[in-house]
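One structure below.
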Amino acid sequence: MSNFTTINVCDFEYEIAEGDLPNVLCMVAYVLDETLRHVKTIRLWRGNFGSTPPFDIGPDALFVAYSASAEMTCFLTLGWKFPKHIFDQHTTYLAASNVLLPYNPDELRKRPRKRLSDACRAYGVEGWENIDKEKIAADIGQGSLV
C-alpha cells in the first residue's frame, strides 16, 4: 500500500429508469489510511452532493468499490471527475472465479452468483450473512431508513 496515502471504499445507492442515468440517492465512503486504518466515514444523501467528491481522488488515492462501473456512473451523473486509480473488487472476483470446469453430461450445473456477498462467502469474509442489500436499497429508495 506504499503507493497510496488514502484508500476510499465507496458504495452508492440509486434509482434508475430504463435508458436513463441513475438518480443518486445516497453514498457511503470509508476513508482509510495507507495502513488500512479507518480514518472517517462519509455519508451523503440526495440533495447533499457537492460539485466534487468528498474524498481525495488524486494520484495518491485509491478508489475501491464492488462493481465500480456503477459507482463511476454515479460520478458521471453528479458531474464529478473520475478517480485517478480504481480497484474494482467485482472484476477481480470475476477474474478469479470464472473457471470453465470439465464437461460432465450427468451434472446439473447452477450458474453461480457473483454478488458482493457471494465473493465474501468464497473468501471466508464474515458479516454479510444477515445483510439484505436489496431490501436496504428499496428502503432507501422509498425514503424509509432501516
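Is the stretch 9-26 home to any residue that is acidic (Asp, Glu), closer than 25 Å to CYS120 by Cβ and over 18 Å from the mean Cα position of the chain (by Cα)? I'd like the intermediate steps shown before the answer.
From the stretch 9-26, those acidic (Asp, Glu) are 11, 13, 15, 18, 20; that's our starting set.
Checking which are closer than 25 Å to CYS120 by Cβ leaves us with 11, 13.
Next, from what is left, pick out any that are over 18 Å from the mean Cα position of the chain (by Cα): none.
No: zero hits.
So which residues in the stretch 14-68 are basic (Lys, Arg) and either farther than 19 Å from PHE4 by Cα or touching a helix residue (DSSP H, G or I) at 6+ places or on another chain (Cβ under 8 Å) (or both), if there are any at all? Break it down stepwise before answering.
Initially, the stretch 14-68 is screened for residues basic (Lys, Arg), giving 37, 40, 43, 46.
Matches in the stretch 14-68: ARG43, ARG46.
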task = Please give the number of the condition GLY79 fails out of (1) modelled with pLDDT of 90 or more; (2) on the phi < 0 side of the Ramachandran plot.
result = (2)
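Residue under question is LEU116, and the condition is that it be modelled with pLDDT of 65 or more, among the aliphatic types (A, V, I, L, M) and within 19 Å of the chain's Cα centre (by Cα); does it hold?
On the way: modelled with pLDDT of 65 or more: yes; among the aliphatic types (A, V, I, L, M): yes; within 19 Å of the chain's Cα centre (by Cα): yes.
So LEU116 fits the description; yes.
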key: Residues within the stretch 60-84 that are farther than 24 Å from GLY47 by Cβ, surrounded by 16 or more Cβ atoms within 10 Å (Cβ to Cβ) and in contact with a Phe, Trp or Tyr (Cβ under 7 Å, 6 or more places away or on another chain), tallied   = 3
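For the stretch 1-37, what are the residues that are assigned to a loop (DSSP other than H, G, I, E, B) and of a type in the set (Phe, Trp, Tyr)?
PHE4
The values are calculated or read from the model by the stated rules, or taken from the named source; none is laboratory data. Given the structure is predicted, the values throughout are model-derived calculations rather than measurements. Positions of Cβ are backbone-derived with ideal geometry, glycine not excepted, and every protein chain shown enters the neighbour counts.
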